[in-house]
Amino acid sequence: MTDTLSPRTQPDGPLDVPPPGVPSPSPRVHRAWWVALVCFVALVGAAGFRATPSVFIDPLHEEFGWSHGTISFAVGLNVLLYGLTAPFASALMERYGIRQVVTVALLLISAGSGLTVFMRAEWQLVLCWGLLVGVGSGSMALAFAATVANRWFVARRGLVSGILTAGSATGQLVFLPLLALLVEGAGWRSAALVVCGAALTVVPLVVWLLRDRPEDIGLRPYGAGPGYETPEADTGGALRRTLAVLGGAARTRVFWLLAGSFAICGASSNGLMSTHFVPAAHDHGMAVPVAASLLAAIGVLDLIGTVGSGWLTDRFDARRLLAVYYGLRGLSLLLLPMLFAGSVRPPMVFFIVFYGLDWVATVPPTMALCREHFGADGAVVFGWVLAAHQAGASVIAFVAGLVRDATGTYDLAWTGTGVLCALAALMALVVRRRRADTEVPV
């Protein structure tokens, strides 16, 4: 099979094809894999950039005297926009193209991070790290990975989707320990400039290798057979469909149960752990690089947990899996305040291993329930459920900072979020096993 399109399916006119009887040359490595590689690098960067503010909280507090609540508000806005941008990212890519959207997103991240070295006022932190970095990183979230996998791959699509999704964990692994060392040594401004430079470095790769569709360069998607037909691009209806799906889903009880429980998932992961674990550990005497390395270890372990959860989701009731995940997560958060110490001890190692395995284990069963209840619209519905995830993360990121200012510790934040996880477990059990065509409005 050749990857070259026939003149009939080429969108911009006939290709320069060889005479009859002469085989068409085929690249040794299909261009789709290079596109996937660039996508992976961009996703690694987006995840790392979004997680960076967790190592800035204490340095900014010490230098400018800004409260933890103020700094956490900027972080919370970052997390919120990361989630709210995701449902619209695919529509933007349909309208303006993948390469253009990703290039602009990287430039926004670079500008937001680089300009922070000149800031003197709190609103500048909110503008740079909250607005610019939040929108930029949100434009390269899961919708980006899904769009690339769907357009460039027919075979190995599931494998590619899994690898690209893993980019989020890898980004946290790569960036946090390095940035924590820079903050401890050269200072937080050096870390901000590293993020700025890293985002700019990816731009040439995007411009050079990333294309919207394989047909743009005369190829079929990887694994497409001779009968493959290029789907028509939807440049006007993607945004309208995204909002219409939300309107329909919002009339069902199951949507609010899934969105509510996933909001608590975001609160207990991205909002609390990603943002406040490092400063909380530092409050108990742990060095920032050590605490950041523990947080990065969670990013490694969640790869195992997500794959294992997907395997379990194929074999067991997704609702019960969610109830177990949330229940155990809540219990671990209730115990966490007793585990902090100046050094890493075995109970903390056990917590990190468990929390890492549980970190995004909630994603496969939540996606399965979205497919079960909303059918063909399940992916779009999951995008909105993911937005709720980030909204919950945003609220807790801000509230936990206020708790730290008011009480001097994060203990109440850990305890309160643990109780919320118990509520999420109950919400998961309330979801009924019903097909989308039998789901009724509230």
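Let me have the relative contact order for the stretch 230-365, percent, based on Cα pairs under 8 Å that are six or more residues apart.
Numbers: 97 pairs, mean separation 44.7, N = 136.
RCO, the stretch 230-365: 33 percent.
The separation of the stretch 262-340 from the stretch 365-413, counted between C-alpha centres, amounts to 13 Å.
Multiplying the residue separation of Ala341 and Val154 by 0.36 nm and removing their Cα-Cα distance gives an extension gain of 62.3 nm. On full extension, the segment bounded by Asp317 and Leu107 gains 71.3 nm, given 0.36 nm per residue less the C-alpha separation. Distance between the modelled labels on Thr201 and Leu115, one decimal in nanometres: 2.4 nm (7 Å Cα→Cβ projection).
Under 5 Å from the amide H of Tyr222 lie the amide H atoms of Phe153, Val154, each residue being 5 or more positions distant or on a separate chain, with H modelled from the backbone and absent for Pro and chain starts. Rounded, prolate or oblate: which one fits the stretch 280-413, using the alpha carbon gyration tensor with axes a ≥ b ≥ c (rounded when a/c is under 1.5, else prolate when a/b beats b/c, else oblate)? Cα axes put the stretch 280-413 in the prolate bin. Full extension of the chain between Ser67 and Arg432 gives 127.0 nm of extra length, using 0.36 nm per residue less the Cα-Cα distance.
Since every read-out is calculated from the coordinates, none of them should be taken as a lab result. Owing to the predicted nature of the structure, the values given are computational and were not obtained by experimental measurement. Here Cβ is always computed from backbone atoms with ideal geometry, including for glycine, and neighbour counts include all displayed protein chains.
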